[in-house]
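Colleague: Could you have a look at this structure, given as structure tokens, before my questions?
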Amino acid sequence: MKARNQTASNAGNNPKYPAEIRIIAGKLRGRKIPVRNRYGLRPTSDRIRETLFNWLQAEIQGAAVLDAFAGTGALGIEAISRGAIVDFVEKNTLSARDLQLILHNFAVADNNRVLQANALTIKADKKYDLIFLDPPFAEDLLAPAIAKFVSADWTREHGKIYCEMPRDFALQIPDGWQIYREKETSNLRFMLLCRIAK
């Protein structure tokens, strides 16, 4: 265990972790998440995370959050840094283990949990204020993920869902939901969905 701790904390010197992600704000500001060199792993950029959390700044403190395709955990850990309680779901065994270790090293493992599982097959055991959906683009998982998580079993009445996708992706907005915030980069589109008020 000691060797693994050293590996995760010195990512820049280890070929298994060739890059790092910096936490932008909050109690973990400046801490770095090691990024494993794995096919399909596409961490959300600093600029997009900053925009997203500016959208959420009035409601992230104390929020119950699900990071459904966690990967590096960048979105969920940024939320933890700003006061949220986060459940991470990650299918890849190594990435899930890395994420659990990172939470331990950041001393935030007690109130936040990592589930090594397929996000499309997990069962609801609580409702969330915010759900992050940023699955690997090549696997066409976003549409079925949205269909699953817009259910009242998963989201509270005021809940929001964050989606990140290729810029040319034709997203079908679910019935009863609308785009709350939206932005594009040169190759990405990202947005927050919210329920339509009754």
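The values are calculated or read from the model by the stated rules, or taken from the named source; none is laboratory data. These figures come from a predicted structure and were not determined experimentally. Counting neighbours? That spans all protein chains shown, and the Cβs are built from the backbone with ideal geometry, glycine included.
Residue-by-condition table, conditions (1) at pLDDT below 95; (2) surrounded by fewer than 17 Cβ atoms within 10 Å (Cβ to Cβ); (3) aromatic (Phe, Trp, Tyr):
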site	(1), (2), (3)
Leu66	no, no, no
Glu78	no, no, no
Arg82	no, no, no
Ser95	yes, no, no
Phe106	no, no, yes
Gln116	no, no, no
Thr121	no, yes, no
Tyr128	no, no, yes
Pro166	yes, yes, no
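Colleague: Could you run through the stretch 109-156 and say how many residues are within 25 Å of Leu94 (Cα to Cα), part of a loop (DSSP other than H, G, I, E, B) and of a type in the set (S, T, N, Q)?
Modeller: Residues meeting the conditions: 4.
Colleague: Would you point out the residue of the stretch 44-64, among those that are assigned to a loop (DSSP other than H, G, I, E, B) and more than 9 Å from the chain's Cα centre (by Cα), that is surrounded by the fewest Cβ atoms within 10 Å (Cβ to Cβ)?
Modeller: Only one residue tops the list, namely Ala58.
Colleague: Another one. Filter the stretch 65-79 down to residues that are assigned to a helix (DSSP H, G or I) and among the aliphatic types (A, V, I, L, M), then give me how many there are.
Modeller: Count: 4.
Colleague: Just to verify a result, which residue in the stretch 5-35, among those that are touching a helix residue (DSSP H, G or I) at 6+ places or on another chain (Cβ under 6 Å), under 17 Å from Asn92 (Cβ atoms) and outside any strand (DSSP E or B), is modelled with the highest pLDDT?
Modeller: Residue satisfying both the conditions and the ranking: Tyr17.
Colleague: Right, another one. Restricting to the stretch 175-198, what's the tally of residues that are under 18 Å from Pro135 (Cα atoms) and assigned to a loop (DSSP other than H, G, I, E, B)?
Modeller: 2
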